[in-house]
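Trainee: The following block contains the structure, expressed as structure tokens.
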Amino acid sequence: MSAGGTISESAEPRKVRRDYGALLENTVFMELRRLGLQVEYVVNPDGTEVDFLVTRRDRVRELTQVCWSL
């Protein structure tokens, strides 16, 4: 940027890469927390994972896996 606050003509627009799966997972996480649920990430002994272990009042309610596509 020059002192006048203009952008150089040679500047190229930045490319934005969206990871829709991560955005969806974050949205689900935020909604579960908004509902007052405790949310944990789970890695099983065999190395597989589940996005969310959802509990309320120390009772497991559900396991939730979030994905943008299968």
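Trainee: How far apart, in nm, are the 7 Å Cα→Cβ label points at Val42 and Arg59?
Mentor: It works out to 1.7 nm between the two label points.
Trainee: In nanometres, what is the gap between the two model label sites at Leu35 and Trp68, each 7 Å from Cα along Cα-to-Cβ?
Mentor: 2.3
Every number in this text was worked out from the coordinates using simple rules, so none of it is lab data. All values derive from a computational prediction rather than experimental measurement. Counting neighbours? That spans all protein chains shown, and the Cβs are built from the backbone with ideal geometry, glycine included.
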